[in-house]
Amino acid sequence: MDKKTNTDQIIEQKVDALLAQMTLDEKIGQMTQVRHFDDITIDEIKTKFIGSIIHTQGPTPGKDAAEWQAKFVELQKLALSTRLGIPMFFGVDAVHGQNTYAGATIFPHNIGLGAAANLELVEKAAAITALESRATGFNWVFSPCVAIPYNEKWGRVYEAFSESTDITTELTKASVRGHQGLSGQPVSLIATAKHFIGDGATDFGVEGGNTTLSQEEVFKRLLPPYRAAVEAGVGSVMASFNSLNGVPMHAHRMMITDVLKGSLKFEGIVVSDWKAYSRFGGTDVINAGVDVVMAVEGDFNMYQEGVRNGVLNGIIPQERIDDAVRRILRQKFRIGLFDNPFPDASLIPKIGIPAHRDVARQAVRESLVLLKNENNLLPLKKNARIVIVGEFADNSGLQSGGWTVNWQGLKENYAGATTILEGFRKKSTTEILYDKDGDASYEDVDVAVVVVGETPYAEFMGDIGGEMNIYQLTITEEHQKLIGKYVSKGIKTVVVLISGRPLVVTEQLEQANAFVAAWLPGSEGDGIAEVLFGDYDFKGKLPHSWPKSVEDYSGKYGPNFWDNTIEPLFPFGYGLNYK
Ligand code: BGC
């Protein structure tokens, strides 16, 4: 912020005035983020001056949105009853809609939005996510992930938009705008660009690994989305689990303080990732420039004591603490939290409403990438005799991927979602058959639509291998058989692939008559039938280049922009349509 507006100036004055009154313990409290259960006692919210609460996996705050709000009202009242009455932030991993709440609108994961590459759509999706997050009591979301994945073995490829820096940068801007409103305008929630920096570029696609990359490459390839996020006024940036050339990012003072806060002029909060204090060097994390720490799962006392002792012993400069607290208070004033500390009950009826689901369904339609369409098998006729095959076709958990209701996702249906099969049944003018396990003996059909894919996973669990990896970027044998079964009967077969990344499906592409990459569509599975029946054309283009064989992964980087000695099966940007 070079030119400060009047509002900015007023906020800075308020921040200074409040900061001047704060004790060291009150400041450390602001720099502490804990869960609403387990990490602390209720009393400690007051006595330890907790500045923010995170909700992620684990017990929910209640059975419905009213109870979630009530829980956060109760906790907020405790914060307000402290000497200075500084309200708390409530943060959530809302990475494709308010995905911790069954019944919210769940959008395709970012990889699907990267395929759609529609700025207006991303902005709308982010605005809906923000609204539904606020409706469940939150004012801080840990999204968007603006990683540039280099390697499909990384289990978080789908959280990122694309392997293209340019597309990611544009979509980041739109996402921040959607979440927070226009820069300089009043906002009611802050977004988070994550994970700073190099998360998707670790040497073997391993979460939290080491990213070996020159500074020039980091600046050219990975930094632009962060610059865009800062320019759009993003309220926070999350530090990453990975190291950069051997230095843990949480302790990387040069990148956090000199580059992000210095060169990029970021005035928001740098938040740590999970348990970062004990993982990445204690006081080094604070000295590197991290402002708020997720002091969870047993870290809480050690963190608060460590920072207190660090300041008293002169290891952490007082100015560093003041910088952190200034940033936190600034964002709290900016979203009007002092005037409106409680969630807005009038938003509750808006969770998962049809107008929101319409936007999510549009995102599903636009995210689909048509990779093959032999003899124009698609679009399907609405009166065709169709069998839908595979359990992924009728399971909204499986179609949504990780970070859906649970951290690692679900294998069963969840509230409010529509499955792919239900979508076909809505649109068809005749009976749609369903062969869940591939053992029904349907012969008398025109087309089989076989839905296969990856079982949901999130960070860590979704990584494939490491240095000694046995590659598994293929679909399971069971799913290969499912496709083969209908192909071998001579029945025209459409394959719909549900996956968080491109998989090696070279053989299946040859077998199938048509092939659609559907990524992780989320709650509106009926968007798929709308395109396969031709109500809409395909619009999606590959946001990643598509590998030909598992050997393509033997290098440090996957077959994307990075290693141009490997020729992909389909290049970045590929995608057919009906015209
Ligand atoms: C993830 C973050 C997430 C945080 C809080 C971490 O393990 O890396 O993306 O925001 O957990 O749930």
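We did not get these values from a lab; they are worked out from the coordinates using the rules stated. The structure displayed is predicted, hence computed values, not measured ones. Note that we place each Cβ from the backbone using ideal geometry, even for glycine, and neighbour counts take in every protein chain shown.
Would you tally the net charge around residue 378, using a Cβ to Cβ cut-off of less than 15 Å, leaving residue 378 out, and scoring K and R as +1, D and E as -1? Could you put the intermediate results ahead of the total?
Working: positive: 365, 372, 381, 382, 427, 492, 539, 579; negative: 374, 446, 530, 535, 537.
Neighbour charge sum, excluding residue 378 itself: +3.
Which value in nm describes the separation of the simple spin-label points at residue 74 and residue 5, placed 7 Å from the Cα toward the beta carbon?
In this crude label model, residue 74 to residue 5 measures out at 3.8 nm.
At what distance in nm do the modelled label points of residue 215 and residue 253 sit from each other, each positioned 7 Å from its Cα along Cα→Cβ?
Taking the two extended label points, one gets 1.5 nm.
Taking N as the number of residues in the chain, what value does Rg over Cα atoms divided by 2.2 N^0.38 Å take?
Values: Rg = 24.0 Å, N = 579, 2.2 N^0.38 = 24.7 Å.
Normalised Rg, Cα atoms only: 0.97.
Near residue 436, which aspartates and glutamates are there with a Cα under 13 Å away, not counting those fewer than 8 places off in the same chain?
Residue 436 reaches 391, 394, 478.
Taking 41 Å as R0, compute the FRET efficiency from the Cβ-Cβ separation of residue 338 and residue 412 and round it to 0.05. Spell out each step's value before the answer.
Working: r = 42 Å, r/R0 = 1.03.
For residue 338 and residue 412, the calculated efficiency is 0.45.
Neighbour counts of other C-beta atoms within 10 Å: give me 566, 148 arranged from fewest to most. Each step should come with its number before you reach the end.
On the way: 566 19, 148 26.
Ordered from fewest to most neighbouring Cβ atoms within 10 Å, 566, 148 come out as 566, 148.
Expressed as an acute angle from 0 to 90° and rounded to the nearest 10, what is the orientation of the C-alpha long axis of helix 477-488 relative to the principal long axis of the chain?
That helix lies at roughly 30 degrees to the long axis.
Net charge around residue 259, counting only other residues with Cβ within less than 11 Å of its Cβ (Lys, Arg = +1; Asp, Glu = -1)?
Values: positive: 227, 253, 261, 265; negative: 258.
Combined, the nearby Lys, Arg, Asp and Glu give +3.
Roughly how far apart, in whole Å, are the Cα centres of segment 256-295 and segment 162-220?
16 Å
Evaluate E = 1/(1 + (r/R0)^6) for residue 489 and residue 57, where r is the Cβ-Cβ distance and R0 equals 45 Å; express this FRET efficiency to the nearest 0.05.
Values: r = 43 Å, r/R0 = 0.96.
It comes to 0.55.
Compute the length gained on full extension between residue 431 and residue 477: take 0.36 nm times their separation in residues and subtract their Cα-Cα distance, giving the result in nm to one decimal.
On the way: separation 46, 0.36 × 46 = 16.56 nm, distance 2.95 nm.
Extending this stretch completely gives an extra 13.6 nm.
Which angle from 0 to 90°, rounded to the nearest 10, does the C-alpha axis of helix 300-312 make with the longest principal axis of the chain?
It is inclined by approximately 40 degrees.
Scan segment 375-448 for GluC sites (Glu not before Pro) in coil per DSSP, keeping those whose Cβ has at most 13 other Cβ atoms within 10 Å, and list them by number.
Details: sites: 391, 412, 422, 431, 443; in loops: 412, 431, 443.
When the GluC sites (Glu not before Pro) of segment 375-448 are filtered for loop state and at most 13 Cβ neighbours within 10 Å, 412, 431, 443 remain.
Which order results if 278, 52, 441 are arranged by neighbouring Cβ count within 10 Å, fewest first? Mind showing how you got there, number by number?
Details: 278 17, 52 24, 441 7.
Placing the least packed residue first, the sequence is 441, 278, 52.
Hey, quick one: spin label on residue 443, modelled 7 Å out along Cα-Cβ, who in segment 475-492 has an amide N within reach, i.e. under 20 Å?
Flagged as within label range: 482-492.
With 10 angstrom as the radius, rank 44, 217 by how many other C-beta atoms surround their C-beta, starting from the fewest.
Working: 44 18, 217 15.
Ranking 44, 217 by Cβ neighbours within 10 Å, fewest first, gives 217, 44.
To the nearest 10 degrees, how steep is helix 119-135 against the longest Cα principal axis of the chain, on a 0 to 90 scale?
The answer is roughly 60 degrees.
Which of the peptides 309-317, 487-495, 221-229, 97-105 is most tightly packed, and how do the rest follow, judged by the mean count of other Cβ atoms within 10 Å per residue?
Numbers: 309-317: 14.3, 487-495: 19.1, 221-229: 22.8, 97-105: 26.8.
In decreasing order of mean packing, 309-317, 487-495, 221-229, 97-105 become 97-105, 221-229, 487-495, 309-317.
To the nearest 20 Debye, how big is the dipole of the chain about its Cα centre, given +1 on the beta carbon of each Lys and Arg and -1 on that of each Asp and Glu? The partial results should precede the final answer.
Values: 56 positive and 72 negative charges, 269 e Å.
Using only the charged Cβ atoms, the result is roughly 1300 debye.
Under 17 Å from a label point 7 Å along Cα→Cβ of residue 81: give me every residue in segment 41-75 with its amide N that close.
Of the residues in segment 41-75, 41-51, 70-75 have backbone N under 17 Å from the label point off residue 81.
Among the listed pairs 27/265; 541/579; 153/548; 14/332, which are separated by more than 20 Å between their Cα atoms?
Values: 27/265 23 Å; 541/579 15 Å; 153/548 14 Å; 14/332 11 Å.
With Cα atoms farther than 20 Å apart: 27/265.
According to a simple spin-label model (label point 7 Å from Cα along Cα-to-Cβ), what is the distance in nm between residue 16 and residue 345?
4.0 nm
Once the dipole of segment 368-553 is set up with Lys and Arg at +1 and Asp and Glu at -1 on Cβ about the Cα centre, which of 434, 377, 410 lies farthest towards its positive end?
377
How about segment 381-488: which trypsin sites (Lys or Arg not before Pro) there are in a DSSP loop, with at most 14 other Cβ atoms within 10 Å of their Cβ?
Details: sites: 381, 382, 385, 411, 425, 426, 427, 436, 481, 485; in loops: 381, 382, 385, 411, 436.
Qualifying residues, ordered by number: 381, 411.
Suppose R0 equals 56 Å; then what is the FRET efficiency for residue 455 and residue 313 from their Cβ-Cβ distance, rounded to the nearest 0.05?
0.70
In segment 115-135, whose amide N lies under 17 Å from the spot 7 Å out along Cα-to-Cβ of residue 64? List them in ranges.
Those under the cut-off are 135.
Could you let me know the centre-to-centre spacing of segment 485-518 and segment 337-404, using Cα atoms, in angstrom?
20 Å
Report the net charge of residues surrounding residue 311, where surrounding means a beta-carbon distance below 10 angstrom and charges are Lys +1, Arg +1, Asp -1, Glu -1. Don't skip to the answer; put the middle values down first.
Details: positive: 27, 308, 320; negative: none.
Value of the local net charge: +3.
Aspartates and glutamates near residue 48 by alpha-carbon distance under 20 Å, same-chain residues fewer than 8 away left out - which ones?
25, 26, 38, 39, 74, 291, 297, 299, 305, 322, 323
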